[in-house]
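Working notes for the structure below.
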Amino acid sequence: MKEMWRGTIEHKQSNLIQRPIKDSTESNQKTTDVEVTDSNHTVDVDEVAWCEHICQHSSHRDGTIYKYKLYWKNNYHIDVTNREDKWSLWIHCVIVTGCSGIPLYCRTMIFSLKLAKTTTSSGPLQLYGYIAARDLLDDKLNYVFNRSRDDPIIVQEESIIEMTGPKRGIALIPNVLFEFDMRIKNGEKEDDLQLIDGIIEFQEILLQEKPITARITGDYGDVDMCLANVSNGVEATVEVAILEPDHGFDLSISCVLFMMERSKEFQLFGGTIGEFCQLGRFVTAVFLDTVMHLKFKVPMLFL
């Protein structure tokens with residue numbers, strides 16, 4: 001396994017790190033084709049976090065990852081040609097209830113994704129593709145973000161990328177891989193720009209039990225992933241349904257977890273509700289014997 005290391009501030013764009021997150025309202029933004037302005041972007045440094053290196057032989061766009069499928073099988077015990085995202089009942093039983101007799105173990109908690117930098121024009125962009133975890137309980141894809149080219153998400157630099165997963169807990173025993181292939185829609189499909197592409201690895205022994213930000217650097221921008229190691233963790237699943245609303249309203253749902261005597265709040269959902277709907281299934285990892293708070297925010301007019 002390759003080793004992840006703590007970075008120092010140098011003149012390298014892969015050394016990151018966290019800048020204040022800016023949320024953006026995306027519904028009324030207009031997107032245009034992308035104009036590349038500069039491929040040698042820099043990073044504004046506020047605090048140092050993990051420096052992530054993309055694993056060798058992991059590029060999807062040129063097919064390298066599939067040419068080296070035996071490398072991934074022999075070294076990481078995964079089948080990179082397996083694109084399934086379904087897991088067995090046994091896996092669900094182990095993760096959710098521990099009924100197999102396997103003790104509690106470390107889990108990876110993903111708090112947020114953010115488009116940290118882009119080398120394209122400064123306007124709104126259409127992103128599609130995926131980021132998915134592969135752990136040793138089940139090497140199948142567990143999507144954290146997954147959007148088709150026909151259903152891209154509209155974001156701009158420094159805005160949050162709304163996650164669509166994960167659908168189950170992410171085990172960290174003793175490591176976890178994150179596979180990704182995210183692109184910027186730009187006219188015809190062959191003209192689309194590669195945002196990030198490859199695989200990165202996190203190891204239990206190196207990933208801290210407090211939120212840190214890892215930057216994934218690509219050809220046309222960077223994506224920040226905020227995550228933490230939740231040792232002796234349990235899985236918590238949040239499902240929200242809106243029943244018979246009388247009118248449309250804005251809704252924000254956030255979750256507060258307590259880690260290492262500190263609290264961390266992150267958004268599960270933010271948008272406009274106009275009719276009955278199922279908002280989705282949100283999966284989090286929580287330290288055993290701690291409290292998880294849910295915050296529901298709506299305009300005072302509708303309370």
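The values are calculated or read from the model by the stated rules, or taken from the named source; none is laboratory data. Fair warning: this is a prediction, and the values are worked out from it, not measured in the lab. Neighbour counts are summed over all protein chains in view; Cβ atoms, including those assigned to glycine, are modelled from backbone coordinates with ideal geometry.
Listed conditions (1) buried (at least 20 other Cβ atoms within 10 Å of the Cβ); (2) over 24 Å from Ser121 (Cα atoms); (3) among the small types (Gly, Ala, Ser) are all met by Gly221, apart from (2). Of all positions in the range 274-284, at least one carries a residue that is among the β-branched types (Val, Ile, Thr), within 20 Å of the chain's Cα centre (by Cα) and closer than 19 Å to Ile173 by Cβ. Here are some residues: Lys73, Lys86, Lys69. Which one is closer than 26 Å to Arg168 by Cβ, at pLDDT 50 or above and exposed (fewer than 12 other Cβ atoms within 10 Å of the Cβ)? That would be Lys86, the only listed residue that is closer than 26 Å to Arg168 by Cβ, at pLDDT 50 or above and exposed (fewer than 12 other Cβ atoms within 10 Å of the Cβ). So, of the residues in the range 156-186 that are aliphatic (A, V, I, L, M) and free of Cβ contacts under 8 Å to residues at least 60 places away in the same chain, which turns out to be nearest to Met109 (Cα to Cα)? The residue in question is Met163. Number of residues in the range 187-210 that are surrounded by fewer than 21 Cβ atoms within 10 Å (Cβ to Cβ), touching a strand residue (DSSP E or B) at 6+ places or on another chain (Cβ under 7 Å) and either under 11 Å from Thr108 (Cβ atoms) or modelled with pLDDT under 90 (or both) equals 5. Tyr130 meets the stated requirement of being touching a Leu at 6+ places or on another chain (Cβ under 8 Å), in the same structural domain as Trp72 (by TED's automatic domain parsing), among the aromatic types (Phe, Trp, Tyr) and not in a loop (DSSP other than H, G, I, E, B).
Scan the range 168-185 and tell me whether some residue there is of a type in the set (Val, Ile, Thr) and farther than 22 Å from Val80 by Cα. Scanning the range 168-185 turns up at least one residue that is of a type in the set (Val, Ile, Thr) and farther than 22 Å from Val80 by Cα. Residues in the range 187-244 that are touching a residue at least 24 places away in the same chain (Cβ under 8 Å), in a loop (DSSP other than H, G, I, E, B) and among the charged types (D, E, K, R): Asp192, Glu204, Glu209, Lys210, Asp219, Glu244. Scanning the range 263-282 for residues that are surrounded by fewer than 16 Cβ atoms within 10 Å (Cβ to Cβ) and aromatic (Phe, Trp, Tyr) gives a single hit, Phe276. In summary, Arg149 fulfils each of the numbered conditions (1) crowded, with 20+ Cβ neighbours inside 10 Å; (2) at pLDDT 95 or above; (3) charged (D, E, K, R) with the single exception of condition (1).
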